[in-house]
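Below is one structure, written out as structure tokens; comments come after it.
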Amino acid sequence: MSWEAFANVVIKYWPMFLRGARNTLYISIVSTIIGSLIGLLIGVVRTIPIPERGFKKVLIKIVNAILTVYVEVFRGTPMIVQAMVIFYGSLMAFGIDMEPMFAGIFIVSINTGAYTAEIVRGGIISIDKGQFEAAHAIGMNHRKTMLYVVIPQVIRNILPAIGNEFVINIKDTSVLNVISVTELFFQTKTVVGINYKTFEAFTVASILYLIMTLTVTRILRFIEKRMDGPDNYVVIPGNQMQVARPEDLIKHNKGRQ
Amino acid sequence: MENIIEVQHLSKSFGSNEILKDINFSVNKGEVVCIIGASGSGKSTLLRCINLLEKPTGGKVLYKGRNILDDKHDVYAYRTKLGMVFQQFNLFNNHDVLGNCMIGQLKVLKRSKAEAEETAMKYLKVVGMDQYINAKPRQLSGGQKQRVAIARALSMEPDVMLFDEPTSALDPEMVGEVLAVMKELAESGLTMLVVTHEMGFASEVADRVVFMDKGIIEEEGPPEKIFLNPENERTREFLRRVLKQE
Ligand SMILES: Nc1ncnc2c1ncn2[C@@H]1O[C@H](COP(=O)(O)OP(=O)(O)OP(=O)(O)O)[C@@H](O)[C@H]1O
Ligand SMILES: [Mg+2]
């Protein structure tokens, strides 16, 4: 091994690495977003209060049973196996020939959905009962309570967990190489197939993975901070009816230091 | 006198545990009724049955003469007519002070943004929190939170306000500011049903005091009678106990 060999791999094959990294990032972003939406929907459905009787009770029970099976199956099996079953299974059983890229996003999304469904359900359950009661007491029904009081708090609370899923997805999309998705791992393997510099090529790949995960972590932390709003509030003197603008807040905070 | 809320033969059980037994009483328009009684006597449960946060096991709850336990009755519309103030404040954590007082008006009463903001500001002024409209609940003291919670309930312009021990979770130095607001509201003619351990407040502000013990209303009457001349042995015993503590 030498620095030269490294440099050669990078100089010669950087477009391939870059394409792989770009696809990895693309699949992870799209799948994390779609998966989170699936998870949010399922988590919300699974916490709908079950009425004492009637058709709705039966319907909710059936839907909940189906969702439980979905969550358990996708959490209980490795994604690499799911990828094989779904990609080749859909071809053999239904004659559906999926684009590898589409198949990749599909698989990672439903996998993320299964995990975030549980995260969301936990997030909803952990919201203080008093929040629900206060919302009900001013006349909100379950839908409005969820929409305007509970879900915004749940989203804020589960953001770190979703960020974690995102980072996991960046790493785990590598299993999609088994269905020939041109993500970073697949591209690296291709480079090795050409020049046999296994160590050098995969070192480059690890650096790229690390750059992606570290950047994503930083960005998410920034977003969390932003969602919490400023640490101080402005006491509005007199009886002015005015909502402070961000500029005022900045001035105010400066004045305090 | 027009009665706004009337409770008839109300009972409530949790499993085999009967918490409320054949409760009968009413709240008239403009009246301030204080409910007192030992811990665990069912005061909160009674309040929660009135706004249907708990489902009564038996009896009737009449709102302006109509039984709200009828299946036909719109629970959500009914609840907008009752303002509820909780011991634990329960401000919406995802909204600031102004948002807390506006969200119900916007989404439940379907008021316009301008009207909701104006109404919210009006009541935030009443409780003296109009200077803090941008603050998030976590940035406020207990007393401030409770005053915002009162403004939130008032912003819905209900017919009657229910208070469940609004000062019990507060540090002693903050009890006064909340009681002062409540006193002001009582004097303005607002109909109020207040569960409280503040005997001073009850004797000063209440038109009527209701004493509950073990899920039963043992005695009710004007504060002078309940506090100075109670007939019931249990009432006397309870008052001896709490007044000694104070
Ligand atoms: N959801 C519930 N499930 C079972 N038991 C309950 C429930 N809520 C209240 N209880 C019981 O009902 C009884 C009366 O409770 P409640 O909260 O109404 O009393 P309280 O008079 O408000 O007391 P405090 O002064 O301590 O607030 C208590 O023994 C309590 O344990
Ligand atoms: Mg209580």
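The values are calculated or read from the model by the stated rules, or taken from the named source; none is laboratory data. The structure displayed is predicted, hence computed values, not measured ones. Don't worry about glycine lacking a Cβ; one is built from the backbone with ideal geometry, like all the others, and counts go over all protein chains shown. For the accessible areas, the whole protein counts, side chains as well, though only heavy atoms, and no ligand, DNA or RNA atoms are used. Shrake-Rupley method; radii C 1.70, N 1.55, O 1.52, S 1.80 Å.
Have a look at B:G176, B:G200, B:G189 and point out the one that is surrounded by fewer than 15 Cβ atoms within 10 Å (Cβ to Cβ) and not in a helix (DSSP H, G or I). Spell out the reasoning first.
Values: B:G176 fails: not in a helix (DSSP H, G or I); B:G200 fails: not in a helix (DSSP H, G or I).
None of the other options fit; the residue is B:G189.
Quick one: in region B:26-55, of everything that is within 14 Å of another protein chain (Cβ to nearest Cβ) and basic (K, R), which residue is nearest to ligand 2 (Cβ to nearest atom)?
Taking region B:26-55 and keeping what is within 14 Å of another protein chain (Cβ to nearest Cβ), we get B:44-45, B:47-55.
Checking the rest, the ones that are also basic (K, R) come to B:48, B:55.
Details: B:R48: 9, B:K55: 18 Å.
Looking at the filtered set, the residue picked out is B:R48.
Out of all the residues in region B:4-13, is one or more farther than 24 Å from B:D213 by Cβ, more than 10 Å from ligand 1 (Cβ to nearest atom) and either acidic (D, E) or touching a residue at least 40 places away in the same chain (Cβ under 8 Å) (or both)?
In the first step, residues of region B:4-13 are kept if they are farther than 24 Å from B:D213 by Cβ; the result is B:4.
Subset that is more than 10 Å from ligand 1 (Cβ to nearest atom): B:4.
Subsequent filtering for residues that are either acidic (D, E) or touching a residue at least 40 places away in the same chain (Cβ under 8 Å) (or both) retains B:4.
Yes - at least one qualifying residue is present in region B:4-13.
Kindly evaluate A:R221 against the criterion of being within 14 Å of chain B (Cβ to nearest Cβ) and either surrounded by fewer than 15 Cβ atoms within 10 Å (Cβ to Cβ) or part of a helix (DSSP H, G or I) (or both). I'd like the intermediate steps shown before the answer.
Values: within 14 Å of chain B (Cβ to nearest Cβ): no; either surrounded by fewer than 15 Cβ atoms within 10 Å (Cβ to Cβ) or part of a helix (DSSP H, G or I) (or both): yes.
Here the answer is no, as A:R221 does not meet what is asked.
Pull up region B:29-68, narrow it to residues that are farther than 21 Å from B:P166 by Cβ and crowded, with 17+ Cβ neighbours inside 10 Å, then point me to the one that is nearest to ligand 1 (Cβ to nearest atom).
In the first step, residues of region B:29-68 are kept if they are farther than 21 Å from B:P166 by Cβ; the result is B:29, B:55-68.
From what's left, crowded, with 17+ Cβ neighbours inside 10 Å: B:56, B:59, B:61, B:63, B:68.
Working: B:P56: 13, B:G59: 16, B:V61: 16, B:Y63: 21, B:I68: 20 Å.
Out of the qualifying residues, it is B:P56.
Would you mind telling me which numbered condition in (1) more than 14 Å from every other protein chain (Cβ to nearest Cβ); (2) crowded, with 16+ Cβ neighbours inside 10 Å A:L91 fails?
(2)
So the check is Cβ under 7 Å with 6+ separation or different chains; which pairs have a first residue in region B:38-52 that's touching a residue at least 12 places away in the same chain (Cβ under 8 Å) and a second one that's near ligand 1 (Cβ under 6 Å from one of its atoms) and open to solvent by 10 Å² or more (accessible area, probe 1.4 Å)?
B:G42/B:I19; B:T45/B:I19
Looking only at residues in region A:168-199 that are of a type outside the set (S, T, N, Q), in contact (Cβ under 8 Å) with a residue 40 or more places away in the chain and open to solvent by less than 30 Å² (accessible area, probe 1.4 Å), which one is farthest from A:S36 (Cα to Cα)?
Here the residue is A:V191.
Take the residues of region B:210-227 that are open to solvent by 10 Å² or more (accessible area, probe 1.4 Å), assigned to a helix (DSSP H, G or I) and touching a helix residue (DSSP H, G or I) at 6+ places or on another chain (Cβ under 9 Å): which is farthest from B:V32 (Cα to Cα)? Steps first, answer last, please.
Pass one, region B:210-227, residues open to solvent by 10 Å² or more (accessible area, probe 1.4 Å): B:213-214, B:216-220, B:222, B:224-225, B:227.
From what's left, assigned to a helix (DSSP H, G or I): B:224-225, B:227.
When the remaining residues are screened for being touching a helix residue (DSSP H, G or I) at 6+ places or on another chain (Cβ under 9 Å), the result is B:224, B:227.
On the way: B:E224: 14, B:F227: 16 Å.
Looking at the filtered set, the residue picked out is B:F227.
Could you give me the residue pairs with C-beta distances under 8 Å whose first residue belongs to region A:128-157 and is under 16 Å from B:A153 (Cα atoms), whose second residue is of a type in the set (K, R) and open to solvent by 50 Å² or more (accessible area, probe 1.4 Å) wherever it lies, and which are 6+ apart or on separate chains?
A:M140/B:K107
Taking the condition in contact (Cβ under 8 Å) with a residue 60 or more places away in the chain and either at the interface with another protein chain (Cβ under 9 Å from one of its Cβ atoms) or touching a strand residue (DSSP E or B) at 6+ places or on another chain (Cβ under 8 Å) (or both), does B:M156 pass? Give the derivation first.
Values: in contact (Cβ under 8 Å) with a residue 60 or more places away in the chain: yes; either at the interface with another protein chain (Cβ under 9 Å from one of its Cβ atoms) or touching a strand residue (DSSP E or B) at 6+ places or on another chain (Cβ under 8 Å) (or both): yes.
Judged against the criteria, B:M156 is a match.
Can you say whether B:G83 is outside any loop (DSSP other than H, G, I, E, B), at the interface with chain A (Cβ under 10 Å from one of its Cβ atoms) and in contact (Cβ under 8 Å) with a residue 60 or more places away in the chain, as far as the supplied structure shows? Break it down stepwise before answering.
Numbers: outside any loop (DSSP other than H, G, I, E, B): yes; at the interface with chain A (Cβ under 10 Å from one of its Cβ atoms): yes; in contact (Cβ under 8 Å) with a residue 60 or more places away in the chain: yes.
Yes, satisfied.
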